[in-house]
Amino acid sequence: MLRIIATRVVLGILTLLAVSILIFAATEILPGDVASAVLGQGATPETLRVFRKELGLDRPAHVRYAEWFTGAIQGNFGKALTNKRDILTSITPRLKNTLFLAGYAALIAVPLSVALGILAAINEGKLADRLANIISLATISVPEFFIAYLLILFFAVKLRYFPSLSTVFADMPLSKKLHVTALPAVTLTMLVAAHMLRMTRSSVLSIMSQPYIEMAFLKGLSRTRVVLTHALPNAAAPIITVIALNLAYLIVGVVVIEVVFVYPGIGQFMVDGVSKRDLPVVQACGLIFAGAFITLNTVADVLSILVNPRLRHPV
Amino acid sequence: MRLFGHKPTTLAWVGLAIIGFFSLIAVLAPLLAPHEEGAVVSDTWAPASGSFLLGTDNIGRDMLTRLMYGARMTIGVALTCTILSFIIGTTLGLLAAVGGSLLDQVLSRSVDIMLSIPLLVFALMILSMFGSSIPTLIITIAILDSTRVFRLARSVALNLVVLDYVEAARLRGEGLWWLMRREILPNALPPMISEFGLRFCFNFLFVAGLSFLGLGIQPPYADWGGMVRENGRAIAFGVSAPLWPAIAISIVTIGVNLVVDWILSINARPSGASAEM
């Protein structure tokens with residue numbers, strides 16, 4: 001079992017390496033190079049040469065990749081092109097903000113959606129189940145900014161319970177911070193909760209078609225009891241995987257939400273970097289997002305191996 | 001009335017009506033629109049009135065006109081992306097299934113690596129390199145999305161490759177291209193049709209999302225995601241301007257989803273009832 005997990009972890013690390021090469025290579029396929037892309041039309045051969053030297057573009061690609069990657073894993077992402085600031089010092093507080101928001105949303109979303117998913121599975125086909133189904137389908141098919149603006153319109157503008165912009169400072173007290181970030185957290189919750197609810201429901205229901213569940217019913221147990229004590233322990237493995245996968249999804253969802261609420265997180269930082277075409281910033285953010293995504297996916301795989309004995313002995 | 005030899009359900013009809021309605025608006029936008037696409041006709045965020053049925057936007061353009069032209073742009077771009085992505089994804093997917101294990105390994109592993117980065121993050125990186133123009137946007141989304149199509153096409157085709165009639169065609173000496181186009185593709189199409197609808201929804205939301213971030217379709221073109229962005233600040237004053245394009249996006253997505261659900265239910269029917277407890 002340890003060997004399977006180790007293989008999976010090594011595979012995750014290899015993927016991360018391949019992804020880092022991909023992120024780096026993306027800058028190489030550019031016709032011309034970063035220097036000419038940044039300087040644009042007004043570049044003279046002289047300024048191009050100086051700028052290339054400044055960026056270190058006069059050296060071969062594999063040397064620059066090795067330098068960039070070893071720097072990146074030590075937390076040295078270089079300097080931003082636009083304001084010459086150290087990227088790490090700009091990213092660290094933003095990364096903390098993003099993790100805070102994602103964690104806040106996860107704390108609401110995970111218990112809520114798992115509980116509702118189980119409830120929907122217990123009441124399969126009844127009103128509660130169909131209601132959960134319709135609401136979750138609706139939240140999946142509308143764009144995330146629509147939900148965000150609706151929430152702002154009702155809770156920030158009409159009812160004035162929460163601010164419409166989530167401005168946070170480093171030395172803000174926690175209670176204030178929780179209040180200010182409530183709307184973005186709820187929006188994110190709705191986004192991932194819909195997926196989680198549907199997946200939880202279907203994994204509980206797929207267990208429900210097993211013979212031992214039928215046996216439990218034939219013994220005369222109530223539906224609630226069958227679901228909670230017979231089906232749920234066996235559905236735990238897929239549910240844990242679902243949670244980890246959706247936390248990965250949360251990372252992507254956070255980008256748009258941060259822009260809507262003008263929340264100073266890493267997603268907004270990346271979008272800013274893209275519109276200013278600040279490549280080192282975009283690469284650094286991309287690597288962090290991809291790293292988090294791959295880590296969570298690997299954790300999901302490892303957890304499902306740990307929880308489900310059948311996966312420990314692959315044929 | 002029957003479609004594909006089946007009678008659509010009520011919900012499917014609703015979906016079809018929505019798709020038909022918005023396609024018509026998209027095609028006929030210049031004829032239907034009450035004002036010029038970019039014309040400034042009133043004050044910023046004027047309320048709805050007789051001449052501006054949905055009010056005006058952040059620089060005083062007619063919201064209804066912008067919505068109609070936006071339908072053209074947003075639906076058009078998303079549809080082009082999806083068609084392109086299906087051409088690329090299906091070709092490569094069938095090639096991977098037919099063309100032997102080495103080709104399959106190379107293609108599948110490359111796709112695995114691309115799928116291990118969130119699509120949005122990947123798209124942001126590419127757009128920061130090339131800048132955002134409509135052709136770049138379409139090609140970027142089409143290539144990223146084709147990885148999903150590739151996976152489906154490959155797995156469907158792998159089940160078909162082992163069938164006798166493919167073997168027979170191989171033995172009579174047909175080439176790779178013939179096998180893909182004449183033997184496998186026609187039989188792989190049914191599951192791909194509902195996938196087309198799902199991928200369209202995804203690309204549609206993706207284009208709208210990128211434009212909302214200011215990185216997709218650029219002004220002066222009207223597009224729904226960009227319109228939400230331009231009018232976003234209005235919400236703080238209780239003006240519903242950004243909600244109109246957002247509602248339009250939601251309605252189209254829900255409409256396509258309703259039709260896809262119906263097509264899926266047709267395809268699922270012959271395989272027997274699901275385990276019902």
Find the residue count for segment B:211-247, including only residues that are at the interface with another protein chain (Cβ under 10 Å from one of its Cβ atoms), open to solvent by 10 Å² or more (accessible area, probe 1.4 Å), assigned to a helix (DSSP H, G or I) and hydrophobic (A, V, I, L, M, F, W, C).
-> 4
Please indicate, with yes or no, whether at least one residue in segment B:174-195 is within 12 Å of another protein chain (Cβ to nearest Cβ), surrounded by fewer than 20 Cβ atoms within 10 Å (Cβ to Cβ) and modelled with pLDDT of 85 or more.
-> no
The one condition residue B:133 fails out of (1) closer than 30 Å to residue A:288 by Cα; (2) crowded, with 21+ Cβ neighbours inside 10 Å; (3) in contact (Cβ under 8 Å) with a residue 12 or more places away in the chain is (2)
Conditions (1) assigned to a helix (DSSP H, G or I); (2) crowded, with 19+ Cβ neighbours inside 10 Å; (3) out of contact with any helix residue (DSSP H, G or I) (no Cβ under 6 Å at 6 or more places or on another chain) -> residue B:29 fails only (3)
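Residues are listed down the side, and each one gets a yes or a no for (1) of a type in the set (Asp, Glu); (2) touching a Pro at 6+ places or on another chain (Cβ under 8 Å); (3) in a helix (DSSP H, G or I):
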{"position": "A:52", "(1), (2), (3)": "no, no, yes"}
{"position": "A:67", "(1), (2), (3)": "yes, no, yes"}
{"position": "A:90", "(1), (2), (3)": "no, no, yes"}
{"position": "A:97", "(1), (2), (3)": "no, yes, yes"}
{"position": "A:101", "(1), (2), (3)": "no, yes, yes"}
Residues of segment A:126-174 satisfying the condition of being away from every other protein chain (no Cβ under 12 Å) and aromatic (Phe, Trp, Tyr) | A:161, A:162, A:169
Exclusive hit being of a type in the set (Ser, Thr, Tyr) and over 19 Å from the mean Cα position of the chain (by Cα), set A:149, A:104 = A:149
Take residue B:57 and decide whether it is more than 23 Å from the chain's Cα centre (by Cα), closer than 26 Å to residue B:237 by Cα, open to solvent by less than 40 Å² (accessible area, probe 1.4 Å) and among the acidic types (Asp, Glu).
-> yes
Determine if segment B:196-205 includes at least one residue that is at pLDDT 90 or above, open to solvent by 60 Å² or more (accessible area, probe 1.4 Å) and not acidic (Asp, Glu).
-> yes
Among the listed residues B:133, B:128, which satisfies the condition of being polar (S, T, N, Q) and in contact with an Asp or Glu (Cβ under 9 Å, 6 or more places away or on another chain)?
-> B:128
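Restricting to segment B:103-129, count the residues that are out of contact with any helix residue (DSSP H, G or I) (no Cβ under 8 Å at 6 or more places or on another chain) and either within 8 Å of chain A (Cβ to nearest Cβ) or hydrophobic (A, V, I, L, M, F, W, C) (or both).
Qualifying residue count, segment B:103-129: 1.
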Return only the number of the condition from (1) open to solvent by less than 60 Å² (accessible area, probe 1.4 Å); (2) modelled with pLDDT of 85 or more; (3) aromatic (Phe, Trp, Tyr) that residue A:68 does not satisfy.
-> (2)
Could you list, in sequence order, the residues of segment B:83-128 that are assigned to a helix (DSSP H, G or I) and of a type in the set (Ser, Thr, Tyr)?
-> B:85, B:90, B:91, B:101, B:108, B:110, B:128
Answer yes if at least one residue in segment A:296-304 is within 13 Å of another protein chain (Cβ to nearest Cβ), part of a helix (DSSP H, G or I) and within 30 Å of residue A:172 (Cα to Cα), and no otherwise.
-> yes
Among the candidates B:90, B:80, single out the residue that is over 19 Å from residue B:134 (Cβ atoms) and modelled with pLDDT of 90 or more.
-> B:90
Give me a count of the residues in segment A:210-245 that are more than 18 Å from residue A:126 (Cβ to Cβ), small (Gly, Ala, Ser) and over 27 Å from the mean Cα position of the chain (by Cα).
-> 2
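The values are calculated or read from the model by the stated rules, or taken from the named source; none is laboratory data. This structure is a prediction, so every number in the text was calculated from the model and none was measured. Glycine also receives a Cβ, built like all others from the backbone with ideal geometry; neighbour counts cover every protein chain displayed. Surface areas here come from the heavy atoms of the whole protein model, side chains and all, with no ligands, DNA or RNA. Shrake-Rupley method; radii C 1.70, N 1.55, O 1.52, S 1.80 Å.
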